[in-house]
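Encoded as structure tokens, the structure appears first; notes follow it.
The values are calculated or read from the model by the stated rules, or taken from the named source; none is laboratory data. Computed from a predicted model, the values in this text were never measured in an experiment. Don't worry about glycine lacking a Cβ; one is built from the backbone with ideal geometry, like all the others, and counts go over all protein chains shown. When the accessible area is computed, the model is the full protein with side chains, heavy atoms only, and any ligands, DNA or RNA have been set aside. Shrake-Rupley method; radii C 1.70, N 1.55, O 1.52, S 1.80 Å.
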Amino acid sequence: MFNVTEPPAEISEPLDARAWSRILAQYRDPSNARGIYELFVTFVPFVALWAVTALLLYHDYWLGLILVIPTAGFLVRLFMIQHDCGHDSFLGNTIANNWTGRTIGVLTMTPYSFWQRSHALHHAGSGCLDHRGFGDIETLTVEEYQDLSMWGRAKYRMYRHPLVMFGIGPSYIFLLNNRLPLGMMRRGWQPWTSTMGTNLAIAVFATAMIWLVGWKVFLAIQLPVVIIAGTIGVWLFFVQHQFEETTWEKLPEWKRQEAALHGSSHYDLPQPLRWFSGNIGVHHVHHLCSRIPFYRLSRVLRNHPELRYINRLTLSESLRSIPLSLWDPEQLRMVSFREFHLAMATR
């Protein structure tokens, strides 16, 4: 079991999830001034680092590649802004949120409306065993895995392998999977319009940049930036729901607010990682009230320290989530393949 940091004796969790939802509603209203500021301090450094990297590649190739890492960090933060736009929580106007999200989607290679719909399905059924399949990391129960054929088990183990999950997977999602609205065939023309419109905008952007800096420099910067940022994004999403003491329930036992509070982690990252990730580590609060802008999540924890210690994971503790791959309803926790096979051997 994880040694999750225990709260001080004077800190407790006196309220249930529904009560917390009502309390957190006061933090929902976004600020246009703050939103514009956050966009400025994220987009301008991203563009500046991209340009400096391009100049350095002509003179010092390896130094230029080093700058790809902080550039990817700012792209992660741009994705978090796009994420808040998808929740209509970044700016005070829905139209402004949507067009900001669509524009950023060209840089993150993520079709905004398609992702927004998929992510809404994730929020609507997070932690519910009867509503898996959209916007989630595939998670099987012990019984479901046990019932698979040998080939089915091999495919699931391959999918959950770290080299696939955090290596091949992010590249596939952002470079290939996001180019077609797979899984949304029956949901009308909007996912297709979003995806194809984003693809066209990416093509125009890439053409302009290739004309400006050349295709070699463009690919030498943009590909690693997108892949590194995508890998970070997948890791953040993974650890926010795949930690040992998360919760999964079937209907009718599943309750959305309880699943939000107890099935999402508080990934307590150090600065500046917290800044670059847009406070997305305060994920239990985000799932309880997704309309809270990311720039207000720190204030929530300051004002309500009870929330700080719920499902809190440090950076080192989060690494222990990597082998966890199956939900065990008897132990009410995630287990590894090794634990599963040991349990089978003792029966």
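Summary table
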read-out: Pick from the range 149-165, criterion under 13 Å from GLU138 (Cβ atoms), open to solvent by less than 50 Å² (accessible area, probe 1.4 Å) and aliphatic (A, V, I, L, M), ranking: farthest from the chain's Cα centre (by Cα); value: VAL164
read-out: Selection from the range 98-112 of residues that are open to solvent by 20 Å² or more (accessible area, probe 1.4 Å) and over 13 Å from LEU75 (Cβ atoms); value: ASN98, TRP99, THR100, ARG102, THR103
read-out: Matching entry among TRP20, TRP115 (being at pLDDT below 95 and open to solvent by 30 Å² or more (accessible area, probe 1.4 Å)); value: TRP115
read-out: Contacts under 9 angstrom Cβ, first residue in the range 142-169 being under 14 Å from GLY230 (Cα atoms), partner outside any helix (DSSP H, G or I), 6 or more apart; value: MET165/ILE137; MET165/ILE322; PHE166/ILE322; GLY167/HIS161
read-out: ILE210 of a type outside the set (Asp, Glu) and under 28 Å from TRP99 (Cα atoms); value: yes
read-out: Which numbered condition HIS59 misses (of (1) touching a Gly at 6+ places or on another chain (Cβ under 8 Å); (2) over 29 Å from PRO293 (Cβ atoms)); value: (1)
read-out: Qualifying positions in the range 307-324 - surrounded by 15 or more Cβ atoms within 10 Å (Cβ to Cβ) and closer than 24 Å to ASP84 by Cβ; value: LEU307, ARG308, ILE310, ASN311, ARG312, LEU313, SER318
read-out: THR198 being open to solvent by 80 Å² or more (accessible area, probe 1.4 Å) and of a type in the set (Ser, Thr, Tyr); value: no
read-out: Inter-residue pairs, beta-carbon under 7 Å, first over 18 Å from LEU180 (Cα atoms) and in the range 113-128, second hydroxyl-bearing (Ser, Thr, Tyr) and open to solvent by 20 Å² or more (accessible area, probe 1.4 Å), 6+ apart; value: HIS123/SER290; GLY127/THR247
read-out: ALA72, sole failed condition from (1) in contact (Cβ under 8 Å) with a residue 24 or more places away in the chain; (2) more than 19 Å from the chain's Cα centre (by Cα); value: (2)
read-out: Considering residues of the range 23-60 that are free of Cβ contacts under 8 Å to residues at least 12 places away in the same chain and not aliphatic (A, V, I, L, M) only, the residue most open to solvent (accessible area, probe 1.4 Å); value: HIS59
read-out: Close pairs from the range 303-321: first more than 24 Å from ILE232 (Cβ to Cβ), partner in a loop (DSSP other than H, G, I, E, B) and of a type in the set (S, T, N, Q), Cβ under 7 Å, at least 6 apart; value: GLU306/SER12; TYR309/THR5
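Per-residue answers, yes or no, for (1) among the small types (Gly, Ala, Ser); (2) closer than 21 Å to VAL76 by Cα:
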| residue | (1), (2) |
| --- | --- |
| GLU245 | no, no |
| GLU253 | no, no |
| LEU273 | no, yes |
| SER277 | yes, yes |
| ARG291 | no, yes |
| ASN311 | no, no |
| SER325 | yes, no |
| ASP328 | no, no |
| PHE340 | no, no |
